[in-house]
1. Just one of (1) hydrophobic (A, V, I, L, M, F, W, C); (2) modelled with pLDDT under 95; (3) surrounded by 15 or more Cβ atoms within 10 Å (Cβ to Cβ) trips up Ala97, so point out which.
2. Tell me which of these Val72 doesn't satisfy, since it passes every other one: (1) of a type in the set (Val, Ile, Thr); (2) out of contact with any Lys or Arg (no Cβ under 8 Å at 6 or more places or on another chain); (3) modelled with pLDDT under 95.
3. Here is a list: Leu57, Leu63, Leu46, Leu71. Which entry is surrounded by 16 or more Cβ atoms within 10 Å (Cβ to Cβ), within 13 Å of Glu18 (Cα to Cα) and in contact (Cβ under 8 Å) with a residue 12 or more places away in the chain?
4. Restricting attention to segment 35-57, report how many residues are part of a loop (DSSP other than H, G, I, E, B), within 13 Å of Val70 (Cα to Cα) and touching a strand residue (DSSP E or B) at 6+ places or on another chain (Cβ under 9 Å).
5. Enumerate the pairs (first residue in segment 10-34 and in a loop (DSSP other than H, G, I, E, B); second residue anywhere and loosely packed, with under 11 Cβ neighbours inside 10 Å) with beta-carbon separation below 9 Å, excluding pairs fewer than 6 apart on the same chain, so at least 6 apart or on different chains.
6. For segment 12-31, indicate whether the set of residues that are among the charged types (D, E, K, R), modelled with pLDDT of 90 or more and more than 21 Å from Gln76 (Cα to Cα) is non-empty.
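The values are calculated or read from the model by the stated rules, or taken from the named source; none is laboratory data. Since this is a predicted model, take the numbers as computed values, not measurements. Glycine gets a Cβ as well: all are built from the backbone with ideal geometry, and neighbour counts include every protein chain shown.
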Amino acid sequence: MALMAGARPVLETVPGVEARQLVGADGKTRIFIVINHEPVEQVLQLPWPAYEHLTGLTLTGKLKLAPYGVLVLTRQEQKAEATMGSSDTAPGTPPGAP
């Protein structure tokens, strides 16, 4: 229904993963909240480099989202020194998780 009305997802996700976009008071700042609602790791593709605020890393490309994991992202135009891609451990691991 939303797609028929012209609405587009803020980020392409797999079933069980939710992505929401928050817009700052300035109308320019965009923060993306990505939540894995499933008890299994999920894989998603980022369309752009993103700064992940909970870990302080820049994420690029395909990444693994931990079971019940959460990401807080802002789009990043330049690459930072610390990056995490598909070969690294899953970001968004809940506190106390193994």
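1. That leaves (3) as the condition not met.
2. (3)
3. Working: Leu57 fails: within 13 Å of Glu18 (Cα to Cα); Leu63 fails: within 13 Å of Glu18 (Cα to Cα); Leu46 fails: within 13 Å of Glu18 (Cα to Cα).
Result: Leu71 is the single residue among Leu57, Leu63, Leu46, Leu71 that is surrounded by 16 or more Cβ atoms within 10 Å (Cβ to Cβ), within 13 Å of Glu18 (Cα to Cα) and in contact (Cβ under 8 Å) with a residue 12 or more places away in the chain.
4. Final tally of qualifying residues: 6.
5. Leu11/Pro47; Glu12/Pro47; Gly16/Val40; Thr29/Val23
6. Scanning segment 12-31, I find no residue that is among the charged types (D, E, K, R), modelled with pLDDT of 90 or more and more than 21 Å from Gln76 (Cα to Cα), so the answer is no.
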